[in-house]
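Participant: I'd like to ask some things about the structure below.
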Amino acid sequence: MAPGRALLEVHGLWKAFGGVQAVRDLTFSVEEGEIFGLLGPNGSGKTTVFNLVAGTLRPDRGEVRFRGISLNGVPAHRRAAMGIARTFQLVRSLAHLSVLDNVAIARLYGASPAPSVAAARREAEELLGLVGLREKASLPAAQLNLAERRRLEVSRALATRPRLLLLDEPFAGLNPEEVHAEIALFQRLRAEGLTLVLVEHNVPAVRALCGRVAFLNSGEKIAEGTPEEVLGHPRVVDIYLGRG
Ligand code: ADP
Ligand code: MG
């Protein structure tokens, strides 16, 4: 496989909260078009890394680069406009609004906002078709089940026309059938040229999707490589078996 171009580069990143060193000296890069996995036990710093990349947190030291451009000092809304989108571990849709309007609002932000509310609604309908929610368009978001709310989150992120999508535990709480459908959706997004970074505990899903993964423990990267390599790494095995 020909080496790709780094879309996202994280270099020497540090972040502490009071006495907790959440991210320590973290370096990794994600190439255009790949699905990169960020693994690690609860509290190992995965969501903090997403916050540092999306710009909702500032690093104590180190740098995030996107398309070769340093994001130091760049606020979150400008990062969204540059093409970085994310979903949250806890679903954040606007419960009282319709499914369609949740997506239409997101379509008014990001890299190339829709020119009008009517256009935003039209394009939101297409996005709902892509994630399989077209039939639910007029329902209040509160009436969706968990799997559907996660899909709504994905379509809201896609509405900002990202180049990089950060997915924080997208399979949590889903049944095997729903996980399967979600895997197919992410493969399709990748085939359409999107680059994905996935934080996930679901090992079969990680194996199915990710070409490369990094494993964090107490904010430090302790292994990186293919899912096979990393999940077979002795320190990773020890952590999974509670000997870490
Ligand atoms: P993960 O997503 O891997 O479960 P997090 O990035 O959420 O881990 O958390 C890493 C560590 O940083 C944990 O010890 C967590 O309690 C702490 N932490 C995360 N966010 C904050 C915050 N906003 N304030 C204080 N501590 C935080
Ligand atoms: Mg987390």
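Participant: Please go through segment 33-56 and pick out each residue that is surrounded by fewer than 18 Cβ atoms within 10 Å (Cβ to Cβ), under 30 Å from G242 (Cβ atoms) and touching a strand residue (DSSP E or B) at 6+ places or on another chain (Cβ under 9 Å).
Facilitator: P41, G43, listed by residue number.
Participant: Let me ask something else. Go through (1) more than 16 Å from ligand 1 (Cβ to nearest atom); (2) outside any helix (DSSP H, G or I); (3) modelled with pLDDT of 95 or more one by one and return the number of the condition R121 breaks.
Facilitator: Of (1) more than 16 Å from ligand 1 (Cβ to nearest atom); (2) outside any helix (DSSP H, G or I); (3) modelled with pLDDT of 95 or more, only one is false for R121: (2).
Participant: Take the conditions more than 15 Å from the chain's Cα centre (by Cα) and either within 23 Å of L152 (Cβ to Cβ) or modelled with pLDDT under 95 (or both) and apply them to A191. Does it pass?
Facilitator: In short, yes.
Participant: Evaluate segment 206-213: report whether one residue or more is buried (at least 18 other Cβ atoms within 10 Å of the Cβ), among the charged types (D, E, K, R) and either touching a Pro at 6+ places or on another chain (Cβ under 6 Å) or more than 28 Å from G129 (Cα to Cα) (or both).
Facilitator: For segment 206-213, residues buried (at least 18 other Cβ atoms within 10 Å of the Cβ), among the charged types (D, E, K, R) and either touching a Pro at 6+ places or on another chain (Cβ under 6 Å) or more than 28 Å from G129 (Cα to Cα) (or both): present.
Participant: Residues that are out of contact with any Lys or Arg (no Cβ under 7 Å at 6 or more places or on another chain): which strands (runs of 3 or more DSSP E) entirely in segment 172-244 hold 3 or more of them?
Facilitator: Counting at least 3 such residues, we get 212-217.
Participant: Going residue by residue through segment 163-170, is there one that turns out to be free of Cβ contacts under 8 Å to residues at least 40 places away in the same chain and away from ligand 2 (no atom under 16 Å from the Cβ)?
Facilitator: No, every residue in segment 163-170 fails to be free of Cβ contacts under 8 Å to residues at least 40 places away in the same chain and away from ligand 2 (no atom under 16 Å from the Cβ).
Participant: While we're here: Suppose we filter segment 88-107 for residues that are modelled with pLDDT under 90 and either outside any loop (DSSP other than H, G, I, E, B) or of a type outside the set (D, E, K, R) (or both); how many remain?
Facilitator: Of the residues in that region, 8 qualify.
Participant: Exactly one of (1) in contact with a helix residue (DSSP H, G or I) (Cβ under 8 Å, 6 or more places away or on another chain); (2) on the phi > 0 side of the Ramachandran plot; (3) more than 13 Å from ligand 1 (Cβ to nearest atom) is unmet by G40. Its number?
Facilitator: Status for G40: all satisfied but (3).
Participant: Right, another one. Which condition number in (1) buried (at least 20 other Cβ atoms within 10 Å of the Cβ); (2) touching a Lys or Arg at 6+ places or on another chain (Cβ under 9 Å); (3) closer than 16 Å to L166 by Cβ is the one that A22 fails?
Facilitator: Condition (3) is where A22 drops out.
Participant: Please enumerate the residues belonging to segment 16-37 that are in contact (Cβ under 8 Å) with a residue 60 or more places away in the chain and either near ligand 1 (Cβ under 8 Å from one of its atoms) or among the hydroxyl-bearing types (S, T, Y) (or both).
Facilitator: Those that are in contact (Cβ under 8 Å) with a residue 60 or more places away in the chain and either near ligand 1 (Cβ under 8 Å from one of its atoms) or among the hydroxyl-bearing types (S, T, Y) (or both): A22, V23, T27.
Participant: Take segment 77-135 and flag every residue that is buried (at least 16 other Cβ atoms within 10 Å of the Cβ), within 25 Å of N51 (Cβ to Cβ) and among the basic types (K, R).
Facilitator: R79, R86, R107
Participant: Name the single residue that is surrounded by the fewest Cβ atoms within 10 Å (Cβ to Cβ) among those in segment 57-74 being without any contact (Cβ under 8 Å) to a residue 40 or more places away in the chain and part of a strand (DSSP E or B).
Facilitator: My answer is I69.
The values are calculated or read from the model by the stated rules, or taken from the named source; none is laboratory data. None of these values were measured; they are calculated from a predicted model. All Cβ positions, even for glycine, are placed from backbone atoms using ideal geometry, and neighbour counts span all protein chains on display.
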